[in-house]
Amino acid sequence: MSPVVGGGGGVGVGKMESVALVAPVTALEFARDVLLAVLAVRHGGAGGGPRLVACGGGAARELGARVWEARWAAGGRLALALGSGTVALYEWWGGGRRLLQARCGGAGALRCAVLAGVGWARLALAAGTATGAVVVWRAAAATAPRRELRGHRGAVLALCYAASRGLLASASEDRSVRLWAVGELGGGDGSGACLLVCYGHGARVAAVVLRGPLPVSAGEDGACLEWGDGGGVRRARRGHRGALRSLALRPAGGRLATGGDDGGVRLWQPRRAAAETVSAVVALGAPERPRAVLLVGPGQVLALGEAGGLATFEVARMRWAPVLHPTAGGPRAVLAAAPLHGCDETLCALGGGDGRLLLFALSRPGAAADLRPFEGPVHRLSWTPRPGLPLDTAAALLASGPDGEMLWLDVTHRPGQAPWVQLRGRYLLPPCKQRWHTCAAFLPQEGLLVCGDRRGSLILFPCSSSSECAAESTSIDNGGTDIVEDSSNESEPSCLLHKGALPLQSPVSVLFGLHGKTGVTSVTIHRSYIYSTGRDGVYRQLRLQEQQLEVLQKHRPCKGLQWIEELRFALDGDLLVLGFHADNFVVWSSRTGENIHCIPCGGGHRSWSYCSSPLAEVFAFIKSGDVMLYHRAAEPCEQQVLLPSLHGREITCVRRLGAVQVASRATFNVFVTGSEDTTACVLVLSENSRAAVPLARLSDHISSVRTLALAMGPGDEGLSALLFSAGGRAQIECYRLLCSGDTASESAVACQVTHVASHRLDKHWERKKNRHKLVKMNPETRYMSLSVVPGTSTKQLPTPWKFLAAACSDGSVRIFGLLEAAQKLVLVAESFHHQRCVLKVEAFLHTWAGGERRHLLCSAATDGSIAFWDITGPIMDAVDALHRAEGEMQLLALAAPLVTIMAHSCGVNSLHIRETPEGRYLVASGSDDGSIHVCLLEVALGRGEAAAGTSLQVLERVSRPCAHAAHVTGIRVLRPDLLLSASVDQRLTLWNQRQGKLVPLSTTFFHVPDLAEMDCWEEVEAGGELRYYCVLCGQGLEMLCGTASSKPPPQEGPQ
């Protein structure tokens, strides 16, 4: 990458070089077992003309035209299809001279091309045009098209030719794929007939390949579709976060590779012929109308009838067998089963509407423990493993009865006898309409039990061993009842008297209605964290903090999955999410981002059961008064992630969180990015691997994430910071991030995310008094920029509150206050001074020699004006008001700006402030008109009172019109004499600021189109060399590095 070097000698600045890049993958090709991925980059020099780069040796050649297709010809020559339909033959290795050239006219603007043939005489070109036609020429006779294939109604974007079969596949922006019989390309033996028309993509089709006689296509809808003989979709593959741009096929083995806008590359293994057919759902013909269904492993189904009878179905034998008579359970019976690990046995629990509880082993239902723990009906039964119990012989049972009472029983299997039962605890659930538990889990080594209820609450109970009490066991054998007491010979068929000896314990922590009114569906413990799911479409990660449940964050796994039933953590590190998408049961993979299974069942309002084993995937459910079974043999994972996905759409903002040092490894840079795909991502970008590895995804936003701000804080265990993210729909989210080294993980860095607070303007308006007298704020208001107010907690202003400034699209500058301990984010002040969209804000702190501080704010709008505010008074007033009102206050109004300058003729897209060693401030800005403006400010106190007497004086102004050819969206003052700017024209320029001028030092072309933002930092190497780093975001993410002398030259004072 060759920079353009300008004047400014003696400054000691080296060029900026790319050290890591994540960009859309626009081309893929297999070279035997090696997959070559080409990123969407721009190669440019001083002239900026198109170039062709030969990978693997040799220099780049300037061609002066776009290269559509390259093909090696005989004798080490290279045939090229260039823009405007030119075919050229180059002697590449000798010196790059052009041997032959032919211009194929008469087709108009081209969109894609493919070459075929060996020598110049047989070399043929097929090109897709903007009008929807596919035009074929021969290079030796290129005066007019030899053949024209019409049928597409939009521009042809991709072509693939199979010479052995004489087939040509074309993909178009009309969302269709067509297959043509052309024979030898350029010859006359093909009919040119359209053999196949395939419609199935939801957006433009970007790439197509031929697998045998049938096409495989990749589209901007993120789908890779394999087509069948009749033009229907034979196989659909999804997993990328954004549009697909490239597709490659390895003929030996049939593996596919896809690349897309998300910067990811995925490898797809072909499925066996038997797996191509969809597994059928069969009706089992239950002996009575089923009420509940349970899978006991992949080969056995339990069905509870509406009358109370229990039957089992053997999948291998395809027949039903009775287990219990309907009188055993009754018409309102509930069922739960727990397969024991390491042995072929299952513990079953059957609760009745009269309060009876029947416990038995499935292989011997006649030997059962018959208890009557409740006077009313048993509402819910659930088995859960408990630490300390042997998994092969025992399990814990939780039973919910009337009035919110829940019992904890330990059940131990005894071969040939009735199970042994111990009553271990009694608990009282919080009051609600449907007062019973839905799921539960024991916390290892904590002595606590966490459960979810039908109201959507998470509840924490103590389960200490001090309250243990043994209850009776009742065996039923051959119709007789023998009472077996642990401590006496008293015959009593009920444990009501025994449970009275245990205290009824209340919760120690309750998160009421955490998952809404539809209930908690599962609770899972994994790596000391608690995960809960519900029918609200999200799953939450929690931790235990001083015997209190604390929500860290919530995750929305995929769009449209509004009903989540369970989480399963796979041994390979994947997280499987079980839930319902409309009327389909789905198993969604967090690693690959696709549905592993999608089974039409009618929805989740029915009894169902899912079982996954190394041999088979089985799903049983009730539909139309019968038990339905879906059974499919287990298969290896079809999808392999070669490069992880970052964002599905444009990256709008980026911030560097810091560096994490990992033992025996290099230092890793941690970044946070926000995107138009409504998510923010915490990632590691390494110079060694030159790739990005996501650590955590934040999915709380309902619209695009446009801006980020960080408030660094002390971290005892690693890198800690408060993250603010904001964007569309006037929404702000706040998180606490903690990053530390983790040698066990793939990324070598672990990130813990805790959701702190959130704020939306429309919700704030709903809480206002007399709101009917006010004009409701526009819900389409967007936050354009955020800045954390520094130094708000000092001896002068001791407060736990942190303050945040926001630039808003409705013309306002708003100040928010955050109290992290109470998880409150409050709007405290605002001003509509600009009367137009405010694009940027930047807060800074000024300290006088005596220690007195002033909080200053700079804001920039779409008219090119930059305003400077003193917000010290409003912040102090807000602290007092918030302290008195305990988090609620009357909205304050910001005073008029201290000074306003017209820096540009149009919108200010970038803004940065840096303090000089003399205590002054350099303010740099970049605009839509490509100009750069720098001004030097001095802060002074007037003769009035200190709070009202702050004044700003502009000492010097420097402007550089037409510094860039497009919007300047990134600018940083690296030091008083050195400025770095970046623009949509993909140029990164270093400027020397001296004697009232901005002199360019060097220009580097970067590879991120549509640049949105830039962040910079500096590091001092071991040898004392100062290195400047910057990260750029837009259609991709790139990190660059440059060197500079650590001591800047002396600055001359203003005249």
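Any read-out appearing in this document is the output of simple, stated calculations on the displayed coordinates, not a laboratory observation. This is a predicted model, so every value here is computed, not measured. Note: ideal-geometry Cβ built from the backbone for every residue, glycine included; neighbour counts use all protein chains shown.
Some observations on this one:
- Angle between the chain longest axis and helix 872-885 axis [Cα atoms, degrees, rounded to 10]: 10
- The GluC sites (Glu not before Pro) of segment 914-983 that meet both conditions, a loop assignment by DSSP and at most 13 other Cβ atoms within 10 Å of the site Cβ, are Glu918, Glu945.
- Normalised contact order of the chain, rounded percent, pairs of Cα under 8 Å and 6 or more residues apart: 8
- Cα convex hull, segment 197-237: 59 Å³ per residue, rounded to a whole number.
- Computed over segment 19-271, Kirkwood Rh from alpha-carbon pairs, angstrom: 18.7
- Shown in residue order for segment 1023-1033 are the 3J(HN,Hα) couplings computed by the Karplus curve 6.51 cos²θ - 1.76 cosθ + 1.60 at θ = phi - 60°: x, x, 6, 8, 10, 9, 10, 9, 10, 10, 9 Hz (x for Gly and Pro).
- Over all projection directions, the Cα-based convex hull of the chain averages an area of 50.6 nm².
- Under the combined filter of DSSP loop state and at most 10 neighbouring Cβ atoms within 10 Å, segment 865-946 retains these trypsin sites (Lys or Arg not before Pro): Arg943.
- A straight chain from Gln545 to Arg332 at 0.36 nm per residue would run longer than the Cα-Cα distance by 72.7 nm.
- Taking other C-beta atoms within 10 angstrom as a stand-in for reagent exposure, Thr258, Thr412, Thr1004, Thr799 fall in the order Thr412, Thr799, Thr1004, Thr258, fewest first.
- Estimated Rh, segment 539-610: Kirkwood, alpha-carbon pairs, angstrom: 13.4
- Relative contact order of segment 287-373, taken over Cα pairs closer than 8 Å and 6 or more residues apart, is 18 percent.
- Where the Cα pairs of segment 685-731 fall when distances are cut into 10 Å bins, in %: 21, 35, 38, 7
- In this structure, the pairs whose alpha-carbon distance is over 26 Å, taken from Lys517/Lys824; Lys763/Lys840; Lys554/Lys824; Lys517/Lys763; Lys554/Lys840; Lys559/Lys840, are Lys554/Lys840; Lys559/Lys840.
- Approximate spin-label separation Ala659-Arg71, in nm, with each point projected 7 Å along Cα-to-Cβ: 5.0
- Based on Cα atoms of segment 818-919, Rg over Rh with Rh as the Kirkwood radius reads 1.01.
- Cα-based Rg / Dmax (Å) for segment 243-342: 22.7, 63
- Segment 583-634 and segment 193-246 have Cα centres lying 26 Å from one another.
- Where Rh is the Kirkwood radius over Cα pairs, Rg/Rh for segment 648-756: 0.97
- Segment 19-271 - percent relative contact order, Cα under 8 Å, separation 6 or more: 13
- Projecting label points 7 angstrom from Cα along Cα→Cβ for His605 and Leu571 puts them 4.0 nm apart.
- Straight-line reach from Lys433: taking Cα to Cα under 12 Å and skipping same-chain neighbours fewer than 8 places apart, the aspartates and glutamates in range are Asp403, Asp453.
- Amide hydrogen neighbours beyond the local backbone of Leu100, cut-off 5 Å, H modeled: Leu89
- Length gained on full extension, Arg98 to Glu306, computed as 0.36 nm times the residue gap minus the Cα-Cα distance: 66.5 nm.
- Ellipticity at 222 nm from helices only: DSSP H runs of n ≥ 4 in the chain, each -39500 (n - 2.57), divided by the residue count, give -500 deg cm²/dmol.
- Estimated D of segment 916-989 in µm² per second, where Rh is the Kirkwood radius over Cα pairs and Stokes-Einstein applies at 20 °C, 1.002 mPa s: 157
- Relative counts (whole %) of C-alpha pair distances in segment 903-1055, using bins that are 10 Å wide: 11, 38, 33, 14, 4, 0
- Shape index of segment 86-158: Rg/Rh, with Rg the Cα radius of gyration and Rh the Kirkwood radius from the inverse mean 1/r over Cα pairs, equals 1.02.
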